[in-house]
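These notes are about the structure you will find just below.
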Amino acid sequence: MNSVPWLTILLVIPALAAVVVAAFPRRLATQAKQLTLAVTLAVLVLAVLATFAYHPNRAGFQFSQHYDWISTFGISYAVGVDGISLVLILLTALLVPVVVLSSWDEFDGDPQDEGPAGGALPEDGGLPAGGGLPESGGGTAVLVATPPVRVEAVAQAVPVPRRSVPVFCALLLVLEAGLVGVFAATDVFLFYVFFEAILIPMYFLIGSFGPAQQQAQRSYAAVKFLIYSLLGGLLMLAAVIGLYVVSAEHLAHGTFDFASLRQLDITPGVQKLLFAGFFIAFAIKAPLFPFHTWLPDAGAQAPVGGAVLLVGLLDKVGTFGLIRYCIPLFPDASDYFAPVVLALAVIGIFYGALLAIGQRDMKRLVSYTSLAHFGFIALGLFAFTSQAGTGAVLYMVNHGLSTGLLFLVVGFLIARRGTADIGAYGGLAKVTPVLAGVMLIAGLSSLALPGTNSFVSEFLVLVGTFTYNKALAIVATTGIVLAAIYVLYLYQRTMTGPITHEANRNLPDLSWREKAVVAPMIALIIGLGVYPKPLLDIIRPSVTATYTDVGRSDPAPPHPVTSQPGGRS
Amino acid sequence: MSAILLAQTEKITPPSIEYSSLSPLLIVFVVALVGVLVDAFAERAARRVIQPVLAGAGFIAALIAVALLHGRHALLAAGAVAIDGPTLFMQGTILVFALLSVLLVAERRLDSSGGAIVASAAVTPGSKGSTAARTSADMQTEAYPLMVFSVTGMMLFVASNNLLVMFVALEILSLPLYLLTGLARRRRLLSQEAAMKYFLLGAFSSAFFLYGLAFAYGYAGSVELGKIADAVGTTGRTDAYLYLAVGLIAVGLFFKIGAAPFHSWTPDVYQGAPTPVTAFMAAGTKVAAFGAILRVFYIAFGPLRWDWRPVLWAVAILTMVVGAVLALTQRDIKRMLAYSAIAHAGFLLVGLAGTNTDGLRGAMFYLVTYGFTTIAAFAVISLVRTSDGEASDLSQWRGLGRTSPLVAGTFSFLLMALAGIPLTSGFTGKFAVFQAAIAGHATPLVVVALVCSAIAAFFYVRVIVLMFFSEPLAQGPVVVTRPTLTFATAGIGTLATLVLGVAPQPLLDLANTAASSGFVR
C-alpha cells in the first residue's frame, strides 16, 4: 500500500484540474463547478484512503518520495507525512469541497454575468433578497436596491462581466494543491515555494471575488494580505538560505532535506537568527499578536468561501510551521524564545477575544476570534509537553471545523441580506430556525463547550500547559470566559429577541444545498467532541516524537498533574 | 634614417590573432559593417526586410560560434581579449537578448503607421515634417546596424582583459545606444531629451573610466587586468593611485548598470527611448556591464577585495533602496520598470558582495533570468496602446485584466517574476545571488535586499491591483492583436521566465561550469 504515491496524487489532481477548469469559458460556469466539486470530492476520498494506509506508530515520514530538482542547491522534490501533516491534509481535503458547495450560487446572482440581459433584472430575482423588494420599501430596502442600479450603470459603460466562475474554481483548486504541498513537503525549499505560492490564489480570491460593493477596501485588504505575507516570507527566505549555508558548512554538500537538517548541530547564536526568520513568517501567517492586523481586513473582504480557506487552512500553515520547522530545527532557540512566544500567545487570546466582542461586522468578528484561537494553539505548541502539543495540533483541525462553520453561517446570512453588519439582523431564530441552530452549534464549538470538538483540544492544551507553567494556564483559562461572551453576544444580537428589521421577516431558511454543506461539519464537530481518539491516535505519536527529538520529554508523564511537587519551571 | 626605422619596425612582432576563437565577435562586427552598406545601397522598402534578417542571421551565427567555442580558456590577441567560461556565457546571453530585441524592433504592425522607430530622426519636433515622420510607414533602418555595433561592443566589453580594450568596447557599445535612444516614433521631444541626457552623462562617466584607467596604468605600469593584480603590493608606487583607479573605474562601470548614485539617467532614458530599444538596453547593457564589473573586480582588483567590499556594500544598499523606494512614486510604467531595473542592479551587486565563485554563478544566472523577463515585460508594454501611442501612464492600465485577461495575466506573471515569487525565474535568480552572499558572509546585506524586495513587491502588486481589481476605463487603451513578432518575443520571454523558475537546473549547470572554470588571467 505504501508504494502508492498518495501525496503526489493529492497534489497533482487539483493542480491539473485547475488548469482544465481555468480554460472553461464563462458560459460553462455550471460545468466548471460540477467538475471542481467532483475533483475535490475525489481528493477527499483519496485523502481518507491515504489515512487508512497510514501507520500511526511508525517513526518518521510515510508515503515518502524523493526526486532531485535543483541539485546545484541540494533542492529536491521530497514529500512525506507524519501524523501532524496528515490530519491537516485531511482537513484541507474536507474544507475545499465544502467551500465549493457553499459558494455554488455566490457568483451566479452576480447580475453582470448576465451581460446584455441586464434589463430583465427586476423580474428574474437574481439577488436573493430581490423578491421582497417591491412590497417592503423603507430604509433598508433602499440599501438592498442599490447594487443592481449601480451595476446596471457600470454594465452599460463597460459590458464586461466582472467575475468569472471558472476562474474562481481554478483558484480554489490551485489553493488546494498548494496547501497539500505545504503540508506534505519534506524539503525546506519546497515548503517555502508552496508557502509563497499559495499567497497568489488567495490574493486574487480576496481582490477579485470579495464583496462587490467595496472595491477600494477589497484591494486594500488584498494588498495588505499579500505584502504582509511576502515580507514575512522574505525574512523566512533569508533564514532558509542561511540554513542551507549552515548545512553546507556542516555537511559535504548543502541540502534542504528536512531529515538531514534536523541532524545538524547549529550553534545557539545562529539558531536564534534562523529561528527569528522562520518565526516571524509563521507568526504573520498564523497570525499571532502583534502581526495580525491584516487578518480582520482579509477575513472581512474575502468571499465567504475564501475566508473559510484563509482562516481555516492558510493560517494553519503558520502554526504547522512552528511545530514542523521552528521547534525541531532550532531547539535551543525555541527554548530561548519560548517565554516571548507564550506571552504573545496569551496576549493574543485576550486581545483577540476583546476585539471580537466589540465588532459590528460579523466577518471581522470571526477573524478576531481566530486570533484568540491561534493564541491557544501557540500556547500549546510552546508549552513543550506532548499533551499540550497534541492538543494544539488537534486544535488546528478543530478550529478549521468550528471557525469554518461559523464563517459559512455568516456567509449564509450575508447571502440573504447582503450585509455583514450585525445591526441588520435580530430575531432570526424565529424566521430561520435551522440557520440559527447551526450558528449556535458553530458558536458553541468555537467557545469550546464540552461535547464539541474544540473542548477536547482546548482542555488538552490547558492541561498540558498547566504541567509546564501553572500561571500561564490559569490566565489562559479565563480566555474561555471571553470566548463565551463573544459567541453568545453575537448569537443574541442576530438570532434572539424580536425581529428588528422588516426585511428580515421573509428570509428563507437553509436550502438543501446549504444543509448538505453544514451537515458533515456538524457531524464532525459533535463526533470529534465525543470520540476524538482516531485523530489523537494519529497526532500523538508524531508530536511526542517531535518533542522527544529535541530533548523535551514531559515533566512527569506517568503521574497525574497534582502529584507534582510544586514549583514552576 | 630609414634603415633605423626599418630596424625598429622589424623588432615588433605582430600579435597572433586566433581568428577562430574571436569568430563570434568578428561575425557580429562584419554583419554591422554589411548593415551599413545595405543601408547605403539597398532600396528603402527592401532595407526594412533585409536589415532585420541580416542582423538576426548574424546573431544566430555568432551564437553558434559561441557554442562551438565552449570550453576554450585562453588569452587572445596579445592578452587583450580573454575567452573563458564567463565570457562565453555572457556573450551567448547578450546574443540571445539581442535576437529577441531585433524581433521587437522589426515589429511593424504595432502602430497604425509603422514600428517603434521614427521615419526620420532629424526632423525637428513640431515642425511641418514631423507629422509626416510620425505617420510615414518608413523607419530609420540605421537602427539595425547601430544595434549590431552595440552588440559588438557588449561582446567585447565582457571579453576584454585589458582596460584600454575595455574602454574602447565601452564606447562601441554606448555610442549606438545614445543614437538609438533618440529614435522613438512618438513623443519625439522626450526621446531626444533622453538621448541627449544619456549622451552627456555617458560621456562624463566614460571620462571617469578613462581617468581611472590612467591611474591604474600609473600604478601598475600596465593596463592588463592580470598585471594590475600582480602589481598590488609589489610595486613601489603609492597606493593612492590604486585607490583612485578603483574608485574612478567603478564610477564608470556603476554608471552603466545604473547603480545609485549614478542612476539618474535610467528613468529618463528608459522612458524616452523606443520601447524595443529600452528592452534591448535593459537586458543587454546590464549583462555587458556586469560582465565587465565582474572581470575588473575579480581579477584586477581581486587582491584588494577587503578594501572595496565596504564600498560595494554601500553602493548595493543605496541602489536597492533608491530603486525600490522611488519606484513606489512612479506613475509611468516605463519609469517604474526603470527604477525596478535599478533595484535589480542592487540585487546583482549583493551577489558580488560575497566575492566567491557562487557569486559569479549566481550573478550570471540572475542576468539571464532578468533579461528574459524584462524583454518580455517591455514587449507587453508596447502592446497596450491608445490612439496616442503606448499607454504608458499607469492609470490607463486600469481594468485591463477584465478587457484583455491574457495580456494582463502575462504581464502579472512577469511582474511576479520581477518581484521574486517562487516558481518564476525571478525567485530562482534571487535565490542564487542571495545564497552566494550569505555564503560569503554578507548576511546583513541580504536582509536589506529582502526588505527591499518586499517594498518592490508593493509596486509590482499595485499594477496587478490596477489591472484586475479596478473597473476598466470607458476610453481605455486597447491591446493590439496583430503584431506577431512582439507576441513571439513576449511569449519566448514569458516561457523562459516560467521554465527557469520551475526547472532551472540545466541553466544553473551551464552557469556553474562557466563560473567554476573561472576567469582566464
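Straight distance only, please: which aspartates and glutamates reach the Cα of A:K272 with their own Cα at less than 15 Å, same-chain residues fewer than 8 apart left out?
A:D332, A:D335
Can you compute the FRET efficiency between B:R305 and B:I17 using 1/(1 + (r/R0)^6), with r the Cβ-Cβ distance and R0 = 35 Å? Round to the nearest 0.05.
So, using R0 = 35 Å, E works out to roughly 0.60.
In deg cm²/dmol, rounded to 500, what helix-only [θ] at 222 nm does chain A give when every DSSP H run of at least 4 residues adds -39500 (n - 2.57) and the total is split over its residues?
Result for chain A, helices only: -22500 deg cm²/dmol.
Which entries of A:K285/A:K430; A:K285/B:K430; B:K334/B:K430; A:K285/B:K286; A:K316/A:K430; A:K316/B:K286 have Cα-Cα distances beyond 32 Å here?
With Cα atoms farther than 32 Å apart: A:K285/A:K430; A:K285/B:K286; A:K316/A:K430; A:K316/B:K286.
If packing is taken as the average count of other Cβ atoms within 10 Å, what order do A:355-363, A:502-510, B:151-159 fall into, highest mean first?
B:151-159, A:355-363, A:502-510
By how many degrees, 0 to 90 and rounded to 10, does the Cα axis of helix B:484-502 deviate from the longest principal axis of chain B?
Compared with the principal axis, the helix lies near 60 degrees.
In nanometres, what is the gap between the two model label sites at A:R505 and A:V481, each 7 Å from Cα along Cα-to-Cβ?
4.2 nm
What is the angle, in °, between the Cα long axis of helix A:199-209 and the longest principal axis of the Cα atoms in chain A? Nearest 10 is fine, range 0 to 90.
10 degrees
Accessible surface of A:I241 in the full protein assembly, 1.4 angstrom probe, to the nearest 10 Å²?
Its heavy atoms expose roughly 0 Å² to the probe.
If A:V317, B:V168 are ordered by their accessible area, calculated over protein heavy atoms with a 1.4 Å probe, which sequence runs from highest to lowest?
Largest to smallest exposure gives the sequence B:V168, A:V317.
Pairing the Cα long axis of helix A:138-157 with the longest principal axis of chain A, what angle in degrees results, from 0 to 90 and rounded to the nearest 10?
Tilt relative to chain A: about 90 degrees.
So how much slack lies between A:D549 and A:K430, counting 0.36 nm per residue of separation and subtracting their Cα-Cα distance, in nm?
Gain on extension, A:D549 to A:K430, equals 37.3 nm.
What FRET efficiency comes out for A:Q263 versus B:I64 if R0 is 45 angstrom and r is the Cβ-Cβ distance? Round to the nearest 0.05.
Working from the Cβ atoms, E equals 0.40.
Per DSSP H run of n ≥ 4, the term is -39500 (n - 2.57); total these for chain B, divide by its residue number, and report the mean residue ellipticity at 222 nm rounded to 500 deg cm²/dmol.
-23500 deg cm²/dmol
Between A:T30 and A:A343, what FRET efficiency comes out of the Förster formula 1/(1 + (r/R0)^6) with R0 = 51 Å and r the beta carbon distance, rounded to 0.05?
Efficiency for this residue pair is about 0.50.
Test of understanding: what is the full-extension gain from A:Q215 to A:V20, defined as 0.36 nm times their sequence separation minus their Cα-Cα distance?
Between A:Q215 and A:V20, full extension yields 67.3 nm more.
Pairs of alpha-carbon atoms within less than 8 angstrom and 6+ residues apart define the contacts here; what relative contact order does chain A have, in percent?
After rounding, I find 15 percent.
With label points built 7 Å along Cα→Cβ from the Cα atoms of B:A78 and B:K128, find their separation and express it in nm.
5.6 nm
Looking only at other chains, what is the average number of their beta-carbon atoms within 10 angstrom of each beta-carbon in A:211-223?
Other-chain Cβ atoms within 10 Å of each residue's Cβ, averaged: 2.
How would you classify segment A:407-487 from its alpha-carbon gyration tensor, with a ≥ b ≥ c the square roots of the eigenvalues: rounded for a/c under 1.5, else prolate if a/b is greater than b/c, otherwise oblate?
prolate
What residues of segment B:375-403 lie in the reach of a label at B:T481, counting those whose backbone N is under 13 Å from a point 7 Å from the Cα along Cα→Cβ?
B:403
How far is it, in nm, from the label point at B:D393 to the one at B:A214 when both lie 7 Å from their Cα along the line to the Cβ?
A separation of 4.8 nm, rounded to one decimal place.
Would you mind classifying the protein assembly as shown by shape? Square roots of the alpha carbon gyration tensor eigenvalues, ordered a ≥ b ≥ c; an a/c under 1.5 is rounded, otherwise it is prolate if a/b is larger than b/c and oblate if not.
oblate
Can you list the HN-Hα couplings for segment A:450-457, worked out from phi with the Karplus curve (6.51, -1.76, 1.60; θ = phi - 60°), rounded to whole Hz and with x for Gly and Pro?
Once θ is set to phi - 60°, the couplings for segment A:450-457 become x, x, 9, 4, 5, 4, 4, 5 Hz.
When only the heavy atoms of the protein chains count and the probe is 1.4 Å, how do B:L37, A:L528, B:L349, B:L189 rank by accessible area, highest first?
B:L189, B:L37, A:L528, B:L349
What are the residues whose amide H is under 5 Å from the amide H of B:V81, where those residues sit 5 or more places off or on another chain and H is modelled from the backbone?
Those qualifying (amide H under 5 Å, at least 5 residues apart or on another chain) are B:L76, B:N161.
Pull out the extension gain between B:T386 and B:T235, defined as 0.36 nm times the separation in residues minus the alpha carbon to alpha carbon distance; nm, one decimal.
Stretched fully, the B:T386-B:T235 segment lengthens by 48.1 nm.
Tell me, how many Å apart are the Cα centres for segment B:317-382 and for segment A:232-276?
Their Cα centres are 27 Å away from one another.
Per-residue mean of other chain beta-carbon atoms within 10 angstrom of the beta-carbon, peptide B:460-472?
Going residue by residue through B:460-472 and averaging, the value is 5.
The values are calculated or read from the model by the stated rules, or taken from the named source; none is laboratory data. Every value quoted in this text rests on a predicted model; they were computed, and no experiment measured them. Cβ: placed from backbone, ideal geometry, glycine included. Neighbour counts: every protein chain shown. Ligands, DNA and RNA are stripped out before the accessible areas are found, and what is left, the full protein with its side chains, is counted by its heavy atoms. Shrake-Rupley method; radii C 1.70, N 1.55, O 1.52, S 1.80 Å.
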